[in-house]
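A.B. asks: Take a look at this one; I'll ask things after.
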Amino acid sequence: MTEQRVGNVGNGERGADRLAAHERLSSGALARWTRACATHPWRVVFGWIGIIVLLIVLVGTVGGDLRDEFEIPGSDTQKATDLIESEFASEQGGVLNVVFAASEGQRLDTPGRKAAIETAIARLKSQEFAPTDDAAGLSSVGDPFSEDTFSNDGRIAYAEAQFDQTIETEDRDAVIAVQDAVRETVEPAGVTVEYNGEAEFPPVEQGASEALGLLAAIIVLLLVFRTFVAMLIPIALAITAVATAFLLLFILAGLTDINTITPILVSMIGLGVGIDYSLFIVTRFRQLLHDGLSPRDAAAEAGASAGRAVLFAGLTVAISVTGLAFIGLDFVTKLGIGSALGVLTTVLIANSLLLAVLALLGHKIDRLKVPFLRQTDESDAGREKTLIARWGRFVVANARFVFPVVLLLILGLASTSLLVRLGAADQGTQPKQQTSRRAYDLLAEGFGPGFNGPIPIVVDVNDDPQAPQKIHDGVKGLGGVASVGEPQLNDEETVAIVFVTPQSAPQEEETDQLVDRIRDQVVPEATEGGDALAYVSGQTAAFKDIADRIFERMPLFLLYIIGVTFIVLAMAFRSIVISTKAAITTLLSAFVGFGVLTLVVQEGHLLGLTGLDQTGPIETFVPPIAFAILFGLSMDYEVFLMSRIREEHVHGLETRDAVEHGISAIGRVVVAAALIMGTVFAAFILSPDRIPKEFGLLLAIAILTDALIVRMTLVPAFLTLMREKSWYIPRWLDRLLPGITIEPPHDGEAQPTFAVERPAEATGEL
């Protein structure tokens with residue numbers, strides 16, 4: 001009891017010291033920059049307007065469209081793709097499957113329905129539907145009443161409509177014109193028509209998820225700041241940062257291929273970090289105002305202190321994203337770089353434009369107080385009475401019980417990630433409101449589930465003309481094969497394609513096993529003794545190749561991001577215990593996110609809450625991208641919490657008391673930031689597409705687990721049990737590692753050997 005009182009007294013003395021420190025102005029390069037932004041705010045505002053205008057001009061001149069490119073260097077799939085592109089160039093146009101269906105128990109070949117379908121096919125062949133002369137046109141249209149395209153019960157049929165070029169985003173109008181022409185012709189006759197194929201890809205739908213995420217963030221910010229003006233600043237910054245990131249994204253798309261899913265990641269990450277990072281700076285600015293600084297001095301100091309922590313946080317994300325290069329897949333690296341654009345723009349805007357706006361607003365930031373919410377007590381004694389402070393004291397007092405219980409809970413959830421099966425969820429898992437899903441279901445019903453995912457085997461003959469037929473005959477004898485097409489040769493008869501239709505759907509494990517049997521058994525036997533080469537391709541094979549590459553490179557990737565995290569935190573906190581703990585717990589949080597994602601999306605538990613009605617494997621590129629993002633973002637909470645605990649310890653408190661006081665001081669910021677970022681991510685679960693749902697669910701669970709369970713519960717309990725051993729570092733390593741500082745030096749002060757920024761405490765009775 002006496003020890004606790006001594007700690008509280010010491011804490012009060014330190015509070016007075018800190019108030020005096022606020023009166024000293026920061027020095028250093030960053031401090032000079034932030035002071036320039038605060039002193040000349042209109043220059044900064046007009047400068048950013050000019051930058052955005054310039055980016056808009058660049059988008060219009062050198063910007064490009066998004067497109068999906070999945071190159072897998074050295075893989076069977078890539079070799080097959082290269083052969084097809086070089087030897088079957090005349091057949092490279094996009095294909096649209098036009099799927100016709102009669103009502104249950106009826107047939108399509110009645111006179112009225114057949115006439116309507118044939119009229120629709122004739123319209124497609126005439127090209128009279130084309131929206132413009134230079135639009136993508138059809139090079140061929142199949143016969144839906146042939147033996148191969150007409151189902152046995154006569155209810156379902158399809159026709160392949162092949163365009164004369166690959167279909168990109170700008171060709172969407174031509175595809176819509178084809179669909180409308182068929183629909184308006186056959187529907188009056190009682191025929192349903194749906195579409196799928198590579199030419200049918202819905203545009204990326206954005207807006208609803210972002211709006212819901214912003215609404216949730218607004219509610220949390222109002223509880224934190226208690227004023228509407230202060231709440232609007234982080235929201236405005238996040239929107240500006242995301243808009244700027246989108247401009248950069250489309251400029252980048254003009255220089256290289258960028259995946260169509262990237263805008264979802266830009267919005268998701270940009271909104272989350274945009275609001276979180278500005279939350280720290282705005283909160284520090286308000287506190288400095290209340291401490292008596294002028295608006296310009298307060299803005300400059302907020303940038304030099306909290307802004308420095310934001311720079312460090314952004315740096316950790318950048319370091320993590322660079323690790324994606326170790327995977328060796330170009331599209332994965334670009335997805336990571338694209339998703340980091342929101343972080344980049346947020347850091348730049350927060351340390352310039354935000355400071356200028358705060359300097360202009362000054363004390364107006366406290367206007368428009370939220371009614372019915374009382375103002376919070378910002379004193380040390382007031383913070384000790386908050387719910388977060390009481391939770392910290394409970395964890396510390398019961399650390400021997402809390403630590404094993406929470407650790408077992410986390411390990412249990414993380415272990416479910418061992419159930420994960422990486423692959424490609426087929427169109428059968430998409431929401432039913434999409435025409436591609438309805439077409440998929442009709443084709444599976446009429447022609448078998450494997451019809452939606454044929455396995456092409458591409459054979460480079462090489463003076464062995466019998467090889468394609470040998471492969472055909474070998475596959476025909478395999479179990480799990482529904483049918484095998486005769487080899488299709490190019491004009492020179494140098495390359496052949498054998499199409500295999502499996503009995504199982506593309507995403508099923510049986511299809512994976514069939515691909516393995518073809519590769520390991522049929523192809524070697526058919527090509528033995530000759531020069532022919534054969535490559536198994538298709539959707540299932542491609543994602544198996546991606547998964548194999550990721551599993552092969554994952555140890556190197558994890559070693560890089562975990563190793564860099566360890567070194568950076570060891571330099572900052574001068575403790576190998578802290579840095580090791582941070583790396584391991586962040587990894588656990590990520591695995592919890594993957595475990596929950598696996599249980600929901602793959603195993604089907606609570607699947608309906610996501611808006612999906614079919615389970616499927618996890619997309620192969622989700623794990624490395626999510627790991628990179630999570631390692632960067634979770635370090636924010638680690639730095640903000642541990643810097644305050646370390647500061648309390650450096651000022652004389654034992655580790656147990658330092659943990660208690662650190663949580664009471666900074667815990668509210670960590671909780672508020674995690675709730676904002678978690679709800680922004682969770683809002684993307686409502687997206688109509690499967691992949692954004694996966695990213696949203698995974699990132700939301702991982703971030704909330706990391707901040708609320710790991711940082712606010714497991715870590716304090718661990719530090720309490722370790723006590724002074726928490727700060728151990730070998731002397732040789734301490735001498736070897738350079739010192740870094742996250743807190744700026746002040747005029748008249750020597751640069752400390754160790755210093756960390758103490759993020760300003762958010763107001764709010766959390």
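The values are calculated or read from the model by the stated rules, or taken from the named source; none is laboratory data. Because the structure is a prediction, the values reported are computed rather than measured. Every residue, glycine among them, receives a Cβ derived from its backbone with ideal geometry; neighbour counts consider all protein chains shown.
A.B. asks: Is there any pair linking a residue in region 277-301 that is within 23 Å of V670 (Cβ to Cβ) to one that is surrounded by fewer than 24 Cβ atoms within 10 Å (Cβ to Cβ) and among the aromatic types (F, W, Y), with Cβ under 9 Å and at least six apart or on different chains, and which?
C.D. replies: none
A.B. asks: Can you name the residue in region 280-292 that is modelled with pLDDT under 85 and not basic (K, R) and, of all such residues, is farthest from L698 (Cα to Cα)?
C.D. replies: Checking each candidate, the answer is G292.
A.B. asks: Let me ask you something else. Any idea how many residues of region 536-560 are of a type in the set (S, T, Y) and either without any contact (Cβ under 8 Å) to a residue 40 or more places away in the chain or farther than 23 Å from I319 by Cα (or both)?
C.D. replies: Residues flagged as of a type in the set (S, T, Y) and either without any contact (Cβ under 8 Å) to a residue 40 or more places away in the chain or farther than 23 Å from I319 by Cα (or both) within region 536-560 amount to 2.
A.B. asks: From E118, E85, E69, E104, which residue is modelled with pLDDT of 85 or more and within 30 Å of D171 (Cα to Cα)?
C.D. replies: None of the other options fit; the residue is E118.
A.B. asks: A follow-up question, please. Here are D276, D257, D297: which of them is surrounded by fewer than 24 Cβ atoms within 10 Å (Cβ to Cβ) and either part of a helix (DSSP H, G or I) or on the phi > 0 side of the Ramachandran plot (or both)?
C.D. replies: D297
A.B. asks: Output the residues belonging to region 670-689 that are of a type outside the set (A, V, I, L, M) and either within 12 Å of the chain's Cα centre (by Cα) or at pLDDT 85 or above (or both).
C.D. replies: Matches in region 670-689: G678, T679, F681, F684.
A.B. asks: What about E647, is it surrounded by fewer than 24 Cβ atoms within 10 Å (Cβ to Cβ) and over 25 Å from F591 (Cβ atoms)?
C.D. replies: yes
A.B. asks: OK, next. Which numbered condition trips up D366, out of (1) over 26 Å from the mean Cα position of the chain (by Cα); (2) surrounded by 23 or more Cβ atoms within 10 Å (Cβ to Cβ); (3) not hydrophobic (A, V, I, L, M, F, W, C)?
C.D. replies: (2)
A.B. asks: Let me ask something else. Take the residues of region 305-320 that are modelled with pLDDT under 80 and hydrophobic (A, V, I, L, M, F, W, C): which is farthest from the chain's Cα centre (by Cα)?
C.D. replies: A306
A.B. asks: Quick one: Q488 ticks every box in (1) in contact (Cβ under 8 Å) with a residue 60 or more places away in the chain; (2) of a type in the set (S, T, N, Q); (3) surrounded by fewer than 22 Cβ atoms within 10 Å (Cβ to Cβ) except a single one, so which number is it?
C.D. replies: (1)
A.B. asks: Please find, within region 274-303, the residue that is farthest from D636 (Cα to Cα) out of those that are small (G, A, S) and touching an Asp or Glu at 6+ places or on another chain (Cβ under 9 Å).
C.D. replies: Filtering first and then ranking leaves G292.
A.B. asks: Let me ask you something else. Pull out all pairs, ordered by first then second residue, where Cβ-Cβ is under 6 Å, the residues are six or more apart or on different chains, the first lies in region 472-485 and is at positive phi, and the second is of a type outside the set (F, W, Y) and in a helix (DSSP H, G or I).
C.D. replies: Every condition considered, the pairs that remain are G480/E510; G480/L514.
A.B. asks: Continuing with this model, one more query. For region 520-540, give me each residue that is of a type outside the set (S, T, N, Q) and either more than 28 Å from A424 (Cα to Cα) or not assigned by TED's automatic domain parsing to the domain that holds F451 (or both).
C.D. replies: E525, A526, E528, G529, G530, D531, A532
A.B. asks: May I ask you to list the residues in region 532-551 that are more than 16 Å from V475 (Cα to Cα) and either under 23 Å from the mean Cα position of the chain (by Cα) or buried (at least 24 other Cβ atoms within 10 Å of the Cβ) (or both)?
C.D. replies: Scanning region 532-551 gives Q539, T540, A542, F543, K544, D545, I546, A547, D548, R549, I550, F551.
A.B. asks: Given the criteria assigned to a helix (DSSP H, G or I), farther than 30 Å from T435 by Cβ and modelled with pLDDT of 90 or more, does W33 qualify?
C.D. replies: For W33, the condition - assigned to a helix (DSSP H, G or I), farther than 30 Å from T435 by Cβ and modelled with pLDDT of 90 or more - is not met.
A.B. asks: Only one of these conditions is not met by G667: (1) small (G, A, S); (2) surrounded by fewer than 24 Cβ atoms within 10 Å (Cβ to Cβ); (3) assigned to a helix (DSSP H, G or I). Which number is it?
C.D. replies: (2)
A.B. asks: Determine whether R758 is farther than 30 Å from T429 by Cβ and at pLDDT below 85.
C.D. replies: In short, yes.
A.B. asks: Which of the residues that make up region 306-328 are surrounded by 18 or more Cβ atoms within 10 Å (Cβ to Cβ) and either outside any helix (DSSP H, G or I) or not assigned by TED's automatic domain parsing to the domain that holds L265 (or both)?
C.D. replies: Those that are surrounded by 18 or more Cβ atoms within 10 Å (Cβ to Cβ) and either outside any helix (DSSP H, G or I) or not assigned by TED's automatic domain parsing to the domain that holds L265 (or both): none in region 306-328.
A.B. asks: Same structure, new question: Quick one: how many residues across region 593-629 are small (G, A, S), at pLDDT 85 or above and either assigned to a loop (DSSP other than H, G, I, E, B) or touching a Pro at 6+ places or on another chain (Cβ under 9 Å) (or both)?
C.D. replies: 1
A.B. asks: What number of residues within region 654-669 are modelled with pLDDT of 85 or more and either among the charged types (D, E, K, R) or closer than 20 Å to T705 by Cα (or both)?
C.D. replies: Adding up the residues that qualify gives 6.
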